[in-house]
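**Q** The structure under discussion is supplied below as structure tokens; questions concerning it will follow.
The values are calculated or read from the model by the stated rules, or taken from the named source; none is laboratory data. If you're wondering where the values come from, they're calculated on a predicted model, not measured in any experiment. All Cβ positions, glycine included, derive from the backbone under ideal geometry; neighbour counts span all protein chains shown.
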Amino acid sequence: MNNIDYQKIFLEITAELEGIDDVGEVASYIPELGKVNPSKLGIHLMTVDKTGYSLGDSNEKFSIQSIAKVLSLTLALKIMGKDMWCRVGVEPSGSAFNSLVQLENEKGIPRNPFINAGAIVVCDILVSCLQNPKVELLDFIRKTSGIDTVKYCPEVADSEKKTGYRNYALTYFMKSFGNIHNDVDVVLDLYFHLCSIEMTCKELTQTFLFLAYAGVNPITNVRVISPERSKRINSVMQMCGFYDEAGEFAFKTGLPGKSGVGGGIIAVHPGQFCIAVWSPKLNVNGNSYKGMKVLEALTSKTQSSIF
Ligand code: DON
């Protein structure tokens, strides 16, 4: 393993960030998310040899939102295999996470599994394949991460349901093309719960470390997915994990990653580490303003991008 002193690097980065005005804003279109303390900052990095480095609020739970879409994709891939790729693509959308526009010309097939439309199709697949999708998805996450306390936040799921007009529109639109097979309310209930999952930065790294270790979680020794599919999930994160800012994140950070509107980001260096950052204020594209800066600085200072 490399012998980089990540702790020292984190202190350097946060000292540099103190001089920067955080122009981001906390997501408030889901009212429950607007209640978070905007000044939180947590970082946790875990290497594949299970050494952890923490800073700030890294042990505080927050709403992981779209980061969870990587876990629903992992489970759907495990169950359905490559056949799922005729329901959802693997191309960057270059559009906002909740955009409707491409669906009309593309026959209701979302560009990728991380935009809302794509994640909703993945939920539809899980509803078709599982007896009790909400329970089985959570069991899968608990078993593979080794964290028994992972749970949904009912208040966030409910808040999102009450204001999720776009997601209803996306789902009905895709159903009109035949790409949603189940009842819209059932599919969205799973989607809203998926997005409401709460974890700490440390728990996120423990959950996603399998993507740095060819599909095996080195902490639980559970094979989460095959090496080939682990590669593919990282590839989709690289190209699509930040929506219309995926190019910018690749350009500045150079790691596969996934963001959520709760202000969290995970990034993976295959063969080396997984890192999670949490800072709730978001830039105009819905990605954590400071979180992106932390990751850019980390890979620049340690020369640890994949490129
Ligand atoms: O569907 C929504 O609007 C949210 N549950 C998820 C959005 C999200 O996290 C997008 N990512 N940055």
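**Q** Somewhere in segment 162-182, is a residue away from the ligand (no atom under 16 Å from the Cβ) and under 21 Å from the mean Cα position of the chain (by Cα)?
**A** No, the conditions are met nowhere in segment 162-182.
**Q** Consider I43 against the criteria (1) more than 16 Å from the ligand (Cβ to nearest atom); (2) in contact with a strand residue (DSSP E or B) (Cβ under 9 Å, 6 or more places away or on another chain); (3) under 18 Å from I147 (Cβ atoms): it satisfies all of them except one. Which criterion is unmet?
**A** Every listed condition holds for I43 apart from (3).
**Q** Among the residues of segment 183-213 satisfying the criterion of being in contact with a strand residue (DSSP E or B) (Cβ under 9 Å, 6 or more places away or on another chain) and of a type in the set (D, E), which is farthest from the ligand (Cβ to nearest atom)?
**A** Checking each candidate, the answer is E203.
**Q** Could we say that V261 is among the hydrophobic types (A, V, I, L, M, F, W, C) and modelled with pLDDT under 95 here?
**A** Here the answer is no, as V261 does not meet what is asked.
**Q** Same structure, new question: So V222 ticks every box in (1) surrounded by fewer than 21 Cβ atoms within 10 Å (Cβ to Cβ); (2) of a type in the set (V, I, T); (3) under 13 Å from the mean Cα position of the chain (by Cα) but one. Which box is left unticked?
**A** Of the numbered conditions (1) surrounded by fewer than 21 Cβ atoms within 10 Å (Cβ to Cβ); (2) of a type in the set (V, I, T); (3) under 13 Å from the mean Cα position of the chain (by Cα), the odd one out for V222 is (3).
**Q** Sticking with this one: Do the conditions hold for K35, that is, is it under 19 Å from the mean Cα position of the chain (by Cα) and not aliphatic (A, V, I, L, M)?
**A** Judged against the criteria, K35 is not a match.
**Q** Here's a follow-up. Report whether or not A157 is in contact with a helix residue (DSSP H, G or I) (Cβ under 8 Å, 6 or more places away or on another chain) and over 20 Å from I30 (Cα atoms).
**A** No: the conditions fail for A157.
**Q** Under the condition of being in a loop (DSSP other than H, G, I, E, B) and of a type outside the set (A, V, I, L, M), which residue from segment 22-37 is nearest to the ligand (Cβ to nearest atom)?
**A** My answer is Y29.
**Q** Quick one: would you say G286 is small (G, A, S), in contact (Cβ under 8 Å) with a residue 12 or more places away in the chain and at positive phi?
**A** In short, yes.
**Q** Of the residues that sit in segment 225-239 and are without any contact (Cβ under 8 Å) to a residue 60 or more places away in the chain and over 13 Å from the mean Cα position of the chain (by Cα), which one is farthest from L255 (Cα to Cα)?
**A** Out of the qualifying residues, it is S226.
**Q** Continuing with this model, one more query. For segment 1-34, name all the residues that are charged (D, E, K, R) and exposed (fewer than 12 other Cβ atoms within 10 Å of the Cβ).
**A** Within segment 1-34, D5, K8, E18, D21 meet the criteria.
**Q** Looking only at segment 240-267, which residues are free of Cβ contacts under 8 Å to residues at least 40 places away in the same chain and under 22 Å from V36 (Cβ atoms)?
**A** Residues satisfying the conditions are G257, A267.
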